[in-house]
Amino acid sequence: MISAQEILATFQIENKHKGTSTGSKWTGDGDFALDSHSPIDGTLLATVGCTSPADYQQVVQAAQKASLYWKTVPAPKRGEVIRQLGEKLRIYKEPLGALVSMEMGKSLQEGLGEVQEMIDICEFAVGLSRQLYGLTMHSERPNHRMYEQWHPLGIVGIISAFNFPVAVWAWNTCIAAICGNVTIWKPSEKTPLTAVACFQILSQVVCEQKLPEGIFNLVTGDGKTIGRLLTEDPRVSLISATGSTAMGKTVAQVVGARFGKTILELGGNNAVIVTPHADLKLAIPALVFGAVGTAGQRCTTTRRVIVHESIFAQVQSTLVKAYQSLRIGNPLETGVHVGPLIDTHAVAMMQHALQQAQEQGGEIIWGGKPVSGPAFSSGCYVEPALVLAAPHMLVVQEETFAPILYLLSYSGDVEEAIAIQNNVRQGLSSSIFTTNLQEAEAFLSARGSDCGIANVNIGTSGAEIGGAFGGEKETGGGRESGSDAWKAYMRRQTNTINYGKELPLAQGIQFF
């Protein structure tokens, strides 16, 4: 197994590394530093110097200057830069995926999968760079032509969360870049090393393509300092923020007060409906991966399963048996299903939620206990929990960022199950397992799932980059990645050209 020191050396990350970059240059150490401890064993991997307010101002000035150049570069040429980034990521997929696992705690397979997402979004963005279409409309006035076009916004700020420490940056950066924007990324303070590694890779592209500083920028620090500077800055046209609902509300208020734009990807309280017509050979594996993948720390993690009473006992017993076979341990080892939570605070939050569930009438039927022993010295390991619960319980209404799966039952038709699913404040991902066409279509209809993602016979987790990703209600309403999500990174302009020799007014108004 490759060591942490070897991986850090691959990316030329020093024991104390600067945390501010304008593409290829590293600046400033700041007054504070972030110690990155691996949740696997508590080891101090390295320390990253935070961005100071003075460093931040220099970054924004570089971004402003670079924006004037970057918006004039043809979109396909911008796409070529992103293609080169994708090629570099292919080269560094193994060590970067391993670093993601070491710093965040997800399994190596998931870490590699996250880097593959980065590669995939690079490919998507390259194709998109030749497809930034506008519409042409017929004018009501003779000898006039109307059309719309899309222009860059300028500077895009990206605030990412620890659970996908590199993929979310790539989703935003690649699309924003081919749209002609420059970006400033503030990664989670819990995973700064993966951000530094990404910029070490990116710096090679910047140098080889002879790009000016300031197109791609990195600032590190906590939300109360650097995050606040970024969201309050009127020079930053768009803030794309991924994180908790509470964080999103703050970002929305701060950015909205200055009439800035936001893309918010916030909490999820995702449910899977299992009807009497479900194929359980498909449903059970999807439920288990959806609930325990990334140790329950995905925004699309399955948190509720809504099962018809006629098959409830069967589903319950099968899940318990599946959970008993899960292997908890070092996520870098082959065959491990569940790694650590991000830190001991996350463990405490999970224990608090389980206590609330019991106090509100729930019953823990498997797991939920912290795991101790020499191999679990970081204190971040827990058993995934299965909890018998009821939809009205307050803890079921909330998102706990941990591997807790609430088992809920329904007795009527699929409309009852859909109503239970929708009766939460979040609206990110949802799924139904059924072989009944009418149930599937009802779930996907306007009266069905109110989530931004609705799946049939697959789980809530594991979205592909080709579709727009995001949700409704307290999930924020934003969309990233595929489809026409690129429009959020641009400003729309309607143009009318008069190629005649008269000046007719719209709506038939006579003025002259």
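The values are calculated or read from the model by the stated rules, or taken from the named source; none is laboratory data. The structure presented is a predicted model; accordingly, all values stated were derived computationally and were not measured. Cβ sites come from the backbone with ideal geometry, for glycine too, and all protein chains shown count toward neighbours. Remember, those area values only see protein heavy atoms, side chains included, never the ligands or the DNA or RNA. Shrake-Rupley method; radii C 1.70, N 1.55, O 1.52, S 1.80 Å.
Counting only heavy atoms of the protein chains and using a 1.4 Å probe, Glu383 has close to 50 Å² of accessible surface.
Here the stretch 1-148 is treated with +1 on each Lys and Arg Cβ and -1 on each Asp and Glu Cβ, and its dipole about the Cα centre works out to around 920 debye. In a DSSP loop and with at most 13 other Cβ atoms within 10 Å, the GluC sites (Glu not before Pro) in the stretch 372-471 are Glu464. Once you have a ≥ b ≥ c as the square roots of the Cα gyration tensor eigenvalues for the chain, tell me rounded if a/c is under 1.5, and otherwise prolate or oblate according to whether a/b is larger than b/c. Oblate, because a/c is 1.5 or more while a/b does not exceed b/c. Would you calculate, for the chain, the mean residue ellipticity at 222 nm contributed by helices, counting each DSSP H stretch of 4 or more residues as -39,500 (n - 2.57) and dividing by all residues, to the nearest 500? Theoretical 222 nm ellipticity from helices: -11500 deg cm²/dmol. Solvent exposure of Leu108, expressed as accessible area, is near 50 Å², computed with a probe of 1.4 Å over the protein chains only.
For the stretch 178-291, a crude dipole built from +1 on the beta carbon of Lys and Arg and -1 on the beta carbon of Asp and Glu, taken about the Cα centre, is about 220 debye to the nearest 20.
Of all complete DSSP H helices in the chain, those with a Cα span along the helix axis of 27 Å or greater and a mean Kyte-Doolittle hydropathy of 0.5 or more are 108-128.
Estimated from the Cβ-Cβ distance and a Förster radius of 30 angstrom, the FRET efficiency linking Glu359 and Thr318 is about 0.60. The heavy atoms of Ile159 offer some 20 square angstrom of accessible surface to a 1.4 angstrom probe. Applying the criteria of a DSSP loop state and at most 10 other Cβ atoms within 10 Å to the trypsin sites (Lys or Arg not before Pro) of the stretch 210-285 yields Lys210. With a cut-off of 14 Å between beta carbons, the residues surrounding Met1 carry a summed charge of -4, where Lys and Arg count +1 and Asp and Glu -1. Farthest toward the positive end of the dipole of the chain, out of Leu388, Leu108, Gln12, is the Cα of Gln12, where the dipole comes from beta carbon charges about the Cα centre. Among the lysines, select those whose C-alpha is under 23 Å from the C-alpha of Lys369, and discard any that sit fewer than 8 residues away in the same chain. List returned: Lys106, Lys321.
Is the C-alpha gyration tensor of the stretch 376-512 telling us rounded, prolate or oblate? Criteria: a/c under 1.5 is rounded; beyond that, a/b larger than b/c is prolate, otherwise oblate. Here the stretch 376-512 falls in the prolate category. Placing unit charges on the Cβ atoms of the charged side chains and taking the dipole of the stretch 173-304 about its Cα centre, the candidate lying farthest along the positive direction among Ala286, Ala177, Leu229 is Ala286. In nanometres, what is the gap between the two model label sites at Asn15 and Gln507, each 7 Å from Cα along Cα-to-Cβ? Between Asn15 and Gln507, the label points sit 7.3 nm apart.
Mind checking which of Ser409, Ala348, Ile458 is farthest towards the positive end of the stretch 341-466's charge dipole, using Cβ charges of +1 (Lys, Arg) and -1 (Asp, Glu) about the Cα centre? Result: Ala348. Remark on Cys50: its backbone amide H falls under 5 Å from those of Phe32, Ala33, Leu34, a criterion applied only to residues 5 or more positions apart or on other chains, H modelled at 1.01 Å from N.
Which translational diffusion coefficient, to the nearest whole µm²/s, is obtained for the stretch 84-197 from the Stokes-Einstein equation, given a Kirkwood hydrodynamic radius over C-alpha pairs, 25 °C and 0.890 mPa s? Value of D from the Cα-based Kirkwood radius: 155 µm²/s.
About its Cα centre, the dipole of the chain is roughly 1580 debye, where the only charges are +1 on Lys and Arg Cβ and -1 on Asp and Glu Cβ. What chymotrypsin sites (Phe, Trp or Tyr not before Pro) in the stretch 285-339 are in a loop by DSSP, with at most 13 other Cβ atoms within 10 Å of the Cβ? Of the chymotrypsin sites (Phe, Trp or Tyr not before Pro), not one in the loops of the stretch 285-339 has a Cβ with at most 13 other Cβ atoms within 10 Å. The string of couplings for the stretch 15-23 from the Karplus curve (6.51, -1.76, 1.60, θ = phi - 60°) is 4, 10, 10, 5, x, 10, 9, 10, x Hz, one whole number per residue in order, with x for Gly and Pro.
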